[in-house]
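First comes the structure, then the notes that go with it.
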Amino acid sequence: MSPFAGSDPAANALLTIDLGALVANWRTLAGQLAGGGQCAAVVKADAYGTGAARVGPALAAAGCRVFFVAQLAEAEALKPLLPEGCEVWVLGGPLPGTVERFLAAGVAPVLNTPWQIALWRDEAPPGSPCALHVDTGMSRLGLEPAELEALLADASAPLAALAPRHLISHLVSAEDPAASVNRAQLELFDRLLAATRRVVPDIAGCLANSSGIFLGPKAHHALARPGVALYGANPTPDQPNPMRPVVRLDAKILQVRHVDAPRTVGYGATHRVAGPTRLATVGVGYADGYPRVLSSRAHGLVAGQVVPLVGRVSMDLATFDVTGVPAEALVPGAPLTLLGGQDADGVAVPETSLDHVAEQAGTIAYEILTSLGRRYARRYIDP
Ligand SMILES: *Cc1c(COP(=O)(O)O)cnc(C)c1O
């Protein structure tokens, strides 16, 4: 059956998001936390492009209770879709003039700076949930360790009054278990957590992202915060991917042509046809988040065959060399898979895996996911 059955016939491509695989991935990650740590889910940037309004409730139904987003508006949109008892945390913390909106939405900030701590202390009622972020090496967001220590030593006990629920920090190179910065961060975080506990006894440690979970129990603490692995990217790049693919992108063939040399394909004439060739054009381009840098680099999958992308990716179109693919698989509207392709036995085809496509594009799975086009039809497979 066509993958497009039942989806908008006017859409050039269909993005299929397998919520069952997503939930299985969350369970796999939660299962790694053998010491009893809790597993949250990072659903910022619209659940890495996959749709927080579907992903959040699916994870909540599977037992996930703690969600992280980057911005307040993301939290405001997500919170009403989750069952009672779910927490939504905003990693970026409060901006001026937003405290009331945090309170009204029933969502909580991660406080990253002395300035945000003062804002929350001054404007939120005592006891309003908040978390604290200390920077152990990213130099991006979060209190300097010395700033945290100064707050802990402050006789007016500002942190005791705020009673933050979590102490958060973020790993620099968790995907590289050999990186020496991991040990340095884990040790510094342990030390800062112990110091904070002397003032805020119940504060919970929250350190590991997806890859951090695979650094072992020392990185787990009370709460882990995986993101990208939920969506199928490999959190252990040096080893086989323990996650299931979540995202699949099938494009419709718009045109098939037979060409004979000499002939070039696409803008800039960067690809020259060497002999009798069959070309198939699909209606997906860089405006859909299919990066132009994939020109003459990416592969698609059609009728079980891996086919090379030839010439430049243009705004709305990309062209593949489908010489050798049976003609009956090349009718207009037939599927050519760009991401997440599987062979007849359901085994992932490496050339179209999320991580491989990202690597071919000189980027990471995060960027491919969060760029996924707004013009695609979408289908969610329920758990
Ligand atoms: C995005 C983010 C995460 C999730 O990281 P992944 O590598 O996607 O698992 C966790 N913590 C913070 C602070 C983040 O910004």
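Any read-out appearing in this document is the output of simple, stated calculations on the displayed coordinates, not a laboratory observation. These numbers come from a predicted model, not from an experiment. All Cβ positions, glycine included, derive from the backbone under ideal geometry; neighbour counts span all protein chains shown.
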- Calculated Rg and Dmax of region 1-116 using C-alpha coordinates, Å: 16.6, 58
- Item | Gain upon complete extension [Ser128, Ile364; 0.36 nm per residue less C-alpha separation] | 81.3 nm
- Query: By how many nm would the segment from Glu149 to Asp260 grow when fully extended, if each residue of separation counts as 0.36 nm and the alpha-carbon distance is taken off?
  - Reply: 32.8 nm
- Item | Residue-averaged 222 nm ellipticity for the chain, from DSSP H runs of 4+ at -39500 (n - 2.57), nearest 500 | -7500 deg cm²/dmol
- Item | Projected area, mean over directions - the chain, Cα convex hull, nm² | 20.6 nm²
- GluC sites (Glu not before Pro) restricted to DSSP loop in region 1-100 with at most 16 other C-beta within 10 Å: Glu84
- Item | Calculated over region 19-231: convex hull of Cα atoms, volume per residue (Å³) | 111 Å³
- Message: Per 0.36 nm of contour for each residue apart, how much would the distance between Asp382 and Gln305 grow if the chain were fully extended, relative to their Cα-Cα spacing?
- Response: 24.9 nm
- With a cut-off of 17 Å, note down the residues of region 127-142 whose backbone N falls inside the zone around a label point 7 Å from the Cα of Ser173 toward its beta carbon. 136-140
- Task: May I ask you to list the lysines whose Cα is less than 23 Å away from that of Lys44, ignoring any residue fewer than eight positions away on the same chain?
- Result: Lys79
